[in-house]
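Following: one structure in structure tokens, then a few remarks.
The values are calculated or read from the model by the stated rules, or taken from the named source; none is laboratory data. All values derive from a computational prediction rather than experimental measurement. Using ideal geometry, Cβ is built from the backbone for each residue, glycine included, and neighbour counts are taken over all protein chains shown.
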2 protein chains.
Amino acid sequence: MVRPKPSMDEVVALAKRRGFIFPSSEIYGGVNGAWDYGPVGVELKRNVRAAWWRHMVELRDDVVGVDTSILMSPDVWRASGHLEHFHDLMVDCRTCKKRFRADELSGERCPSCGNATLTQPRAFHMMFKTYIGAMEDASSVAYLRPETAQGIFVDFKSIYQTGRKKPPFGVAQIGKAFRNEITPGNFIFRSREFEQMELEFFVPVQPESEGMRWFDYWVEQRHNWFLGLGIQPSRLRRHVYSGADLAHYSRATTDLEYDFPFGWGELEGIAHRASFDLQRHVDASGKDLSFFDEESKEKFLPAVIEPSLGVDRACLVFLLDAYEKEADRTVLHLHPRLAPYKTAVFPLVRNKPDIVEMAVRIERSLRPSLRTVFDDSGNVGKRYYRQDEIGTPLCVTVDYESLDRQDVTVRERDSKEQKRISVDRLASYLKHAIEPDDTAVLDSVAR
Amino acid sequence: MVRPKPSMDEVVALAKRRGFIFPSSEIYGGVNGAWDYGPVGVELKRNVRAAWWRHMVELRDDVVGVDTSILMSPDVWRASGHLEHFHDLMVDCRTCKKRFRADELSGERCPSCGNATLTQPRAFHMMFKTYIGAMEDASSVAYLRPETAQGIFVDFKSIYQTGRKKPPFGVAQIGKAFRNEITPGNFIFRSREFEQMELEFFVPVQPESEGMRWFDYWVEQRHNWFLGLGIQPSRLRRHVYSGADLAHYSRATTDLEYDFPFGWGELEGIAHRASFDLQRHVDASGKDLSFFDEESKEKFLPAVIEPSLGVDRACLVFLLDAYEKEADRTVLHLHPRLAPYKTAVFPLVRNKPDIVEMAVRIERSLRPSLRTVFDDSGNVGKRYYRQDEIGTPLCVTVDYESLDRQDVTVRERDSKEQKRISVDRLASYLKHAIEPDDTAVLDSVAR
């Protein structure tokens, strides 16, 4: 059974009300295209990053990580083609002064004021520019990286030498990127400052079938990653690029698309980029980035398969997909691995010191092994309501009977079912209910 | 016994050779003041961040986290005083064109070419400037944040309302910051792009002694955090600011200083900033950020205690402090919590399928619960050497006897001691040897 699609406004409102995501600099009127993650939002974001890193790096033996800088040499963007090609075509309305992406306009008339006063499309460069050092001139220009991938290509040789890897192997990175979008929008779907999780998986160029095999493998892996974290299968589909829609250097590209409130949109792109990126850097830097193949006794520049995902877009999808408005509550059915808190602990009442003390003791004993939160404000119904809205999978309540019986009520978020669990079994019960088993994942990722 | 101080060059060389840290964009000649973390460096950095977050957020019940944007409204920097005051005085040499920070010069003559041709000091603004949107004019100016703290102050009300906190409570953040330093240097000690871990801990203003008590508490906590992660006590000292060295708004400031190869230098600053920051934002935004005190029936703006640490500087200190050159090896005595890999698994030889298969099986069985690495290249001596240099606490070797006896050799990094451990006890043995017990920490952080 698929949950009804929420509106974007509902999810934005919940995100703000509960401390997931706020507009940046809101007390000063905000910044268009930048967002802040609040107390529970930062935990969700950290969990998304951790789940990706675990799946892509920690559970594998053929991927290493890196963390490269946002400010890079401008030569990088010259070599990659970004300086020349990374722009959008924009159109202005001479009447209302609004600005649009040319590819989002369907007619001659301004979609905002209705006048036929649109300019011709003009190129608008999407890299943020700044200057390093005291001078503001051509020699000191630098750009905020528009993607994390180039850091991997530029450091390629240092990485494979120190990581002692040979193709097939991958390099993973999580980090901020910046794009001066003409029209940021749809909440955190398209923002000017965002975070990426990118894998560059390098494969031999011969035989060619090997590259396509890895491409198919990664499409499958990435699709399964979302399903394993609870995304409803019918909300996810693949869009296979072909013909003119495929970049000239790409052997194959598939997007994972999600069924957003505004329609199907790109969630993650997986691209077979052949040796395009490394070749550009070989040409521009004059450095030899190739491997020696022991069998054929020839040097080769590996091809690369790139699954590229935005952390923020992933967070948005996990929030949208988990959201459900029921008759008496709103609940986020977040996968336990992603939930900001795994367990909330309540004393049934605030005015019975024995009960409060027991709840405090239990919460503290769980804290080192589980992300917990203590809540004693309002009545228990209100506390359930609050925890449901932030997606806490399990709530533990200490009541009058707990004192004698040394047990507690554990209430499950999705089913609202309640069980009595003895205190000495509680930690292992919660852990078992919450901690995912990575064995199946390990089998799929390890060769 | 204190380990001898290494030279910076030794540690830079090891960091590069083993894949901890490379210069950014090196194949294009580099970028002054930006660094990349390689395959083991990114794991160290992740572990430093995780250790801080665990200590400052997860193990506490009075601190919540946030993750705010790098691009903020310029009004933030007007309000905070950064636009007006955040500059360094620099001096140029008219002869050799070198540039210096005025506070680092001791005489009239250029320290580089020796000529008395220095300019008067001039102000050099340290925020990187860029433009958001299509226009490059005053209305679209934005700055890369020079610190993460302001994101916390600006979002203060949204945070405490959604986090449902009242003073005393704290807000923690880890994120990138940028300073256009005149003279970046000393490896990752002072760079232009860096990462901060900041806590803003808000306390009632009355009684005043309460603020000082929390200040002392945080100096103690932060000092102990480094000691708990293995920093040699004699390499750490406190520098207490007083008189004119204290910022006008600060009630107290103490730096934790480390004994770097170039001398004692700031590692972390802990400052009692009173209500200075919040008051500036109240004045500039016109928003009420105060709390209502139920006892006195009065509104108050909390004071704030700020422990502020650079992730990169912390990584540098952990590397420097762990480094030891012995007669026959170089070893990083990293705390197990910080070590990139917790355990390496080796087959004694590569040409005995039974041994290799057993080693592969053991490594895979450990992988879900420990960060492991498999190594079968070179002889065992070389593998120990390599693991010692990246600080792996324990190495597991499968040899001929392992097949019959179902046990392995576990070799400890610091003592080089070797023990035979049976395979069925191995996971719990390693876990016990490596996983720190957080009970003592929990006692010190929970109220």
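Of the residues in region B:240-249, not one is among the small types (Gly, Ala, Ser) and buried (at least 17 other Cβ atoms within 10 Å of the Cβ). Which one is farthest from the other protein chains (Cβ to nearest Cβ), of the residues in region A:371-389 that are under 20 Å from A:Asp407 (Cβ atoms) and among the hydroxyl-bearing types (Ser, Thr, Tyr)? Checked region A:371-389; the qualifying residue farthest from the other protein chains (Cβ to nearest Cβ) is A:Tyr384.
If you check B:Glu306, B:Glu326, B:Glu298 for being free of Cβ contacts under 8 Å to residues at least 24 places away in the same chain, in contact with a strand residue (DSSP E or B) (Cβ under 8 Å, 6 or more places away or on another chain) and at negative phi, only one passes: B:Glu298. Selection of region B:178-199 for residues being away from every other protein chain (no Cβ under 11 Å) and in a strand (DSSP E or B) yields B:Gly185, B:Arg190, B:Gln196, B:Met197, B:Glu198, B:Leu199. Of all residues in region B:411-444, those that are part of a strand (DSSP E or B) and farther than 21 Å from B:Pro353 by Cα total 6.
Contact annotation: residue pairs with Cβ atoms under 8 Å, 6 or more positions apart or on different chains, pairing a residue in region B:248-261 that is under 16 Å from B:Asp216 (Cα atoms) and among the polar types (S, T, N, Q) with a partner that is at pLDDT below 95 and assigned to a loop (DSSP other than H, G, I, E, B), are B:Thr253/B:Leu246; B:Thr253/B:Ala247.
A quick yes/no check of all residues on (1) within 15 Å of B:Leu319 (Cβ to Cβ); (2) buried (at least 19 other Cβ atoms within 10 Å of the Cβ); (3) of a type in the set (Phe, Trp, Tyr):
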{"position": "B:Met1", "(1), (2), (3)": "no, no, no"}
{"position": "B:Gly29", "(1), (2), (3)": "no, no, no"}
{"position": "B:Gly33", "(1), (2), (3)": "no, yes, no"}
{"position": "B:Val42", "(1), (2), (3)": "yes, yes, no"}
{"position": "B:Met56", "(1), (2), (3)": "no, yes, no"}
{"position": "B:Met72", "(1), (2), (3)": "no, yes, no"}
{"position": "B:Asp75", "(1), (2), (3)": "no, no, no"}
{"position": "B:Ala79", "(1), (2), (3)": "no, yes, no"}
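Against the numbered list (1) over 16 Å from B:Arg60 (Cα atoms); (2) in contact with a strand residue (DSSP E or B) (Cβ under 9 Å, 6 or more places away or on another chain); (3) modelled with pLDDT under 95, B:Lys165 comes up short only at (1).
Residue-wise test of (1) within 11 Å of another protein chain (Cβ to nearest Cβ); (2) of a type in the set (Lys, Arg); (3) over 29 Å from B:Gly228 (Cβ atoms).
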{"site": "B:Ser24", "(1), (2), (3)": "yes, no, yes"}
{"site": "B:Gly29", "(1), (2), (3)": "yes, no, yes"}
{"site": "B:Val40", "(1), (2), (3)": "yes, no, no"}
{"site": "B:Val48", "(1), (2), (3)": "no, no, no"}
{"site": "B:Met56", "(1), (2), (3)": "no, no, no"}
{"site": "B:Val63", "(1), (2), (3)": "yes, no, no"}
{"site": "B:Val66", "(1), (2), (3)": "yes, no, no"}
{"site": "B:Pro74", "(1), (2), (3)": "yes, no, yes"}
{"site": "B:Ala102", "(1), (2), (3)": "no, no, yes"}
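Taking the criterion of being part of a loop (DSSP other than H, G, I, E, B), more than 9 Å from chain B (Cβ to nearest Cβ) and surrounded by fewer than 23 Cβ atoms within 10 Å (Cβ to Cβ), the residues of region A:121-169 that qualify are A:Pro121, A:Met126, A:Met127, A:Met135, A:Asp137, A:Pro146, A:Glu147, A:Lys166, A:Pro167, A:Pro168. Looking only at residues in region B:426-446 that are surrounded by 13 or more Cβ atoms within 10 Å (Cβ to Cβ) and small (Gly, Ala, Ser), the one that is nearest to the other protein chains (Cβ to nearest Cβ) is B:Ala446.
Only one of the numbered conditions (1) surrounded by fewer than 22 Cβ atoms within 10 Å (Cβ to Cβ); (2) assigned by TED's automatic domain parsing to the domain that holds A:Arg273 is not met by A:Cys113, and that is (2). List the number of the failed condition for B:Leu227; all other conditions in (1) surrounded by 19 or more Cβ atoms within 10 Å (Cβ to Cβ); (2) touching a Pro at 6+ places or on another chain (Cβ under 7 Å) hold. Answer for B:Leu227: the failing condition is (1). Against the criterion of being among the hydroxyl-bearing types (Ser, Thr, Tyr) and surrounded by 13 or more Cβ atoms within 10 Å (Cβ to Cβ), A:Ser369 qualifies. The strands (runs of 3 or more DSSP E) falling completely within region A:1-100 that include 1 or more residues that are not assigned by TED's automatic domain parsing to the domain that holds A:Gly185 map to A:87-92.
Taking the conditions exactly as written (β-branched (Val, Ile, Thr), free of Cβ contacts under 8 Å to residues at least 24 places away in the same chain and either surrounded by fewer than 22 Cβ atoms within 10 Å (Cβ to Cβ) or out of contact with any Asp or Glu (no Cβ under 6 Å at 6 or more places or on another chain) (or both)), does A:Thr95 satisfy them or not? Yes: the conditions hold for A:Thr95. Every condition in (1) out of contact with any Pro (no Cβ under 7 Å at 6 or more places or on another chain); (2) closer than 30 Å to B:Lys165 by Cα; (3) not β-branched (Val, Ile, Thr) holds for A:Gly33 except the one numbered (1).
Within region A:291-315, the set of residues being modelled with pLDDT of 95 or more and not in a strand (DSSP E or B) comprises A:Leu301, A:Pro302, A:Val311, A:Asp312, A:Arg313, A:Ala314, A:Cys315. Residues that are hydroxyl-bearing (Ser, Thr, Tyr), surrounded by fewer than 23 Cβ atoms within 10 Å (Cβ to Cβ) and under 16 Å from A:Ile434 (Cβ atoms) occur at least once in region A:399-417.
Taking first residues from region A:352-370 that are more than 13 Å from chain B (Cβ to nearest Cβ) and more than 11 Å from A:Val396 (Cβ to Cβ) and partners that are among the charged types (D, E, K, R) and buried (at least 19 other Cβ atoms within 10 Å of the Cβ), the Cβ contacts under 9 Å between residues at least 6 apart in sequence or on separate chains come to A:Ile355/A:Asp399. Which of the residues that make up region A:385-401 are in a helix (DSSP H, G or I) and touching a helix residue (DSSP H, G or I) at 6+ places or on another chain (Cβ under 6 Å)? If the condition is that a residue be in a helix (DSSP H, G or I) and touching a helix residue (DSSP H, G or I) at 6+ places or on another chain (Cβ under 6 Å), then A:Ile390 is the only one that fits. Filtered by the rule that a residue be more than 10 Å from A:Gly41 (Cβ to Cβ) and within 12 Å of another protein chain (Cβ to nearest Cβ), region A:1-15 gives a lone residue, A:Leu14. Within region A:340-354, can one find any residue that is modelled with pLDDT under 95 and within 29 Å of A:Leu320 (Cβ to Cβ)? No: region A:340-354 contains no residue that is modelled with pLDDT under 95 and within 29 Å of A:Leu320 (Cβ to Cβ).
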